[in-house]
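Inspection log for the structure reproduced underneath, given as structure tokens.
The values are calculated or read from the model by the stated rules, or taken from the named source; none is laboratory data. As the structure is a prediction and not an experimental result, all values here were calculated from the model. Every residue, glycine among them, receives a Cβ derived from its backbone with ideal geometry; neighbour counts consider all protein chains shown. Remember, those area values only see protein heavy atoms, side chains included, never the ligands or the DNA or RNA. Shrake-Rupley method; radii C 1.70, N 1.55, O 1.52, S 1.80 Å.
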Amino acid sequence: SYNNTYDTLLISGGSLNYFGAGTIQTINSYLNIDGTVGNLTKIYPETSPTYSINMANCTVCSNYADIIGCQAVGGASFYADNSTNGGGNTGWTFGACPSSTLTVGPITGATNTCVNTTGNVYSIPSLGSNATYTWTVPVGSTITSGQGTANIQVAIGSTAGTISVTATACGNTNG
């Protein structure tokens, strides 16, 4: 019966979940609603008519769910594959989710740097405000600023190697 805010909300295992009528459930990062064949995860309003799930961006890919009275709002794309539209829903596509593969890169920055130099900048195009980035640099080199972002500054050591990045956005990871 309350409005709630979650960073991550996982609803799974064929569970039965009620949200208060007229409430707004805001998800900041990741929403997962997954059941199994013959054991749908159910999300219903406590009483009629509806409740809202609000997510600003990303693509929500649900699977094997029974959804009733859910207003999917906020700008994200909501999909429910192998699921039942129990009625009163808006903002949902009851069908397959599009590919969730992230495209990362290319990494831009100096390719031939001198050993023991500082201030070397590397970056990739941003994947949006919900993305996090994990950079790796060769042994002996140090990330001096920007770890967790799309842009880093590196102090290059004396060992050659590769700079790489793995990004996570909307619960999807790619590197």
Looking only at the stretch 107-124, count every residue that is surrounded by fewer than 13 Cβ atoms within 10 Å (Cβ to Cβ) and of a type outside the set (A, V, I, L, M) and tell me the total. 7
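Here are 17, 89, 82: which of them is in contact (Cβ under 8 Å) with a residue 40 or more places away in the chain and more than 20 Å from the chain's Cα centre (by Cα)? Walk me through it before giving the result.
On the way: 17 fails: in contact (Cβ under 8 Å) with a residue 40 or more places away in the chain; 89 fails: in contact (Cβ under 8 Å) with a residue 40 or more places away in the chain.
Answer to the check: 82.
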Residues 60, 104: which one is open to solvent by less than 50 Å² (accessible area, probe 1.4 Å) and either touching a Cys at 6+ places or on another chain (Cβ under 7 Å) or part of a loop (DSSP other than H, G, I, E, B) (or both)? 104
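Please enumerate the residues belonging to the stretch 141-155 that are touching a Gly at 6+ places or on another chain (Cβ under 9 Å) and open to solvent by less than 60 Å² (accessible area, probe 1.4 Å). Working first, answer last.
At the first step, the residues of the stretch 141-155 found to be touching a Gly at 6+ places or on another chain (Cβ under 9 Å) are 141-142, 144, 152-155.
Result: 141, 152, 154, 155.
Tell me, please, whether a residue that is aliphatic (A, V, I, L, M), open to solvent by less than 60 Å² (accessible area, probe 1.4 Å) and either under 21 Å from residue 4 (Cβ atoms) or touching a strand residue (DSSP E or B) at 6+ places or on another chain (Cβ under 8 Å) (or both) can be found in the stretch 89-101. Lay out the reasoning, then the answer.
Within the stretch 89-101, the first condition is being aliphatic (A, V, I, L, M), and the residues that meet it are 96.
When the remaining residues are screened for being open to solvent by less than 60 Å² (accessible area, probe 1.4 Å), the result is none.
Checked the stretch 89-101: no residue is aliphatic (A, V, I, L, M), open to solvent by less than 60 Å² (accessible area, probe 1.4 Å) and either under 21 Å from residue 4 (Cβ atoms) or touching a strand residue (DSSP E or B) at 6+ places or on another chain (Cβ under 8 Å) (or both).
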Quick one: how many residues across the stretch 29-41 are within 22 Å of the chain's Cα centre (by Cα) and surrounded by 16 or more Cβ atoms within 10 Å (Cβ to Cβ)? 8
